[in-house]
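The values are calculated or read from the model by the stated rules, or taken from the named source; none is laboratory data. Computed from a prediction, not measured in an experiment: that's the story for all the values here. Cβ coordinates were reconstructed from backbone atoms using ideal geometry, including for glycine residues, and neighbour counts include every protein chain displayed.
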Amino acid sequence: APYEGGVRCTLASAGHPLPLVLGRDGGVRAVARPQTLLGVIEDETYTCDTFDLTPGDSLLCVTDGITERRSGSRQFDDADGLATVLAGCAGLDAELIAERIQRLVHEFGERPPEDDLALLVLQAE
């Protein structure tokens with residue numbers, strides 16, 4: 001929801017990789033806590049996390065097809081690979097961030113991905 005000075009977001013991870021926020025200064029932070037994968041436990045209760053995006057901040061949400069992309073025995077998100085790539089996107093708009101991450105994920109493995117790859121980038125104005 002927009003508010004003076006930015007956008008307030010509320011979400012629950014429900015087992016997905018944690019959403020990341022890229023600040024205008026290039027800093028990256030996770031904005032949700034890990035929770036059980038949706039549908040694994042009947043009647044599971046999920047906790048929502050609320051955070052603010054200030055103008056220029058970018059929110060990145062991905063499926064595990066991105067973080068678990070393989071190259072031999074390595075995964076794309078080993079050693080915080082996704083956060084490192086996102087930090088390198090400071091100053092880019094949402095479309096360019098999405099394009100860069102998509103390209104790097106595809107280039108990471110020698111074979112085509114075996115899992116779905118989905119990502120969403122939202123940038124506060």
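Of all residues in region 54-78, those being more than 14 Å from the chain's Cα centre (by Cα) and either over 20 Å from L117 (Cα atoms) or part of a strand (DSSP E or B) (or both) number 7.
Out of region 7-53, which residues are of a type in the set (A, V, I, L, M) and either without any contact (Cβ under 8 Å) to a residue 12 or more places away in the chain or not in a strand (DSSP E or B) (or both)? Spell out how you get there, then give the answer.
Within region 7-53, the subset of a type in the set (A, V, I, L, M) is 7, 11-12, 14, 18, 20-22, 28, 30-32, 37-38, 40-41, 53.
If the condition is that a residue be of a type in the set (A, V, I, L, M) and either without any contact (Cβ under 8 Å) to a residue 12 or more places away in the chain or not in a strand (DSSP E or B) (or both), then A12, A14, L18, V31, A32, L37, L38, V40, I41 are the ones that fit.
Of the residues contained in region 24-36, one or more are found to be within 15 Å of L119 (Cβ to Cβ) and of a type outside the set (S, T, Y). The residue that is nearest to S58 (Cα to Cα), counting only those in region 93-102 that are crowded, with 16+ Cβ neighbours inside 10 Å and touching a residue at least 24 places away in the same chain (Cβ under 8 Å), is A94.
When the criteria are applied in full, D43 fails the requirement of being within 18 Å of G15 (Cα to Cα) and within 13 Å of the chain's Cα centre (by Cα). Taking the criterion of being surrounded by fewer than 17 Cβ atoms within 10 Å (Cβ to Cβ), touching a helix residue (DSSP H, G or I) at 6+ places or on another chain (Cβ under 9 Å) and within 20 Å of E125 (Cβ to Cβ), the residues of region 9-28 that qualify are G26, G27. Checking each residue of region 50-61 against the condition of being surrounded by 12 or more Cβ atoms within 10 Å (Cβ to Cβ), touching a helix residue (DSSP H, G or I) at 6+ places or on another chain (Cβ under 7 Å) and at pLDDT 95 or above gives at least one match.
Going by the structure shown, is C61 hydrophobic (A, V, I, L, M, F, W, C) and more than 24 Å from E95 (Cβ to Cβ)? Can you show your working first?
Details: hydrophobic (A, V, I, L, M, F, W, C): yes; more than 24 Å from E95 (Cβ to Cβ): no.
Considered against the rule, which asks whether it is hydrophobic (A, V, I, L, M, F, W, C) and more than 24 Å from E95 (Cβ to Cβ), C61 comes out as no.
Considering region 102-124, the residues that are touching a strand residue (DSSP E or B) at 6+ places or on another chain (Cβ under 6 Å) and not in a loop (DSSP other than H, G, I, E, B) include one that is farthest from G6 (Cα to Cα), namely F108.
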